[in-house]
Structures are given as structure tokens and as C-alpha cells.
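Each reported figure results from applying straightforward, stated rules to the coordinates on display, with no laboratory input. Everything numeric here is computed off the predicted structure, so don't read it as measured data.
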Amino acid sequence: MPLEKIIAHRPDALLLTRELAAAEDQGSALLVHPALVKLYPPGRRIYLPERLTVCGGPMLAEAIDRLAAEAERLGR
């Protein structure tokens, strides 16, 4: 999703598969952009391991549980 759309839509949090300290490629450069860093500090970022995001299967229950816990943490 383009940076401009993320900023315009202002989601409650960003869902990521891992924490990034620096851009590793063009795709991850967006996630360390100063605008997103300011709008989405660590407390507004949800980290869900990539193995839980690949496709539906037995891991889906764990993904839902983790997302529900994060939603509760964010007060949603």
C-alpha cells in the first residue's frame, strides 16, 4: 500500500511480520519512513510471525488469538 494511503487512512496500528531497524530493500523502506515511525511507534505496531500469515490452516487459530490479544492491548 502506498505511504500516502496509509497516512490518509490512519489505521489504528500497523501489522508487520518482524521489527526492522533499517530498510533492507524497497519494500521495507516504507516501514522505516519517518512519517510512519512518528505515527506508528512500537506500541502501535503489531508483530505477527510470518508463519501465521502465509495461508489458512492449523496456524489460523493462533493468529486469531494473537490478533485478539493485540486488539485488546490497543483498546479495541
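Rounding to the nearest 10 and keeping the result within 0 to 90°, find how far the Cα-based axis of helix 60-73 lies from the longest principal axis of the chain.
Helix 60-73 sits at roughly 60 degrees to that axis.
Once the piece of chain linking VAL32 and LEU20 is laid out straight, how much longer is it, given 0.36 nm per residue of separation minus the C-alpha distance between them?
3.6 nm
Using just the C-alpha positions of the chain as equal point scatterers, what log10 of I(q)/I(0) does the Debye formula give at each q in 0.13, 0.14 1/Å?
At q = 0.13, 0.14 Å⁻¹ the computed log10 ratios are -0.43, -0.50.
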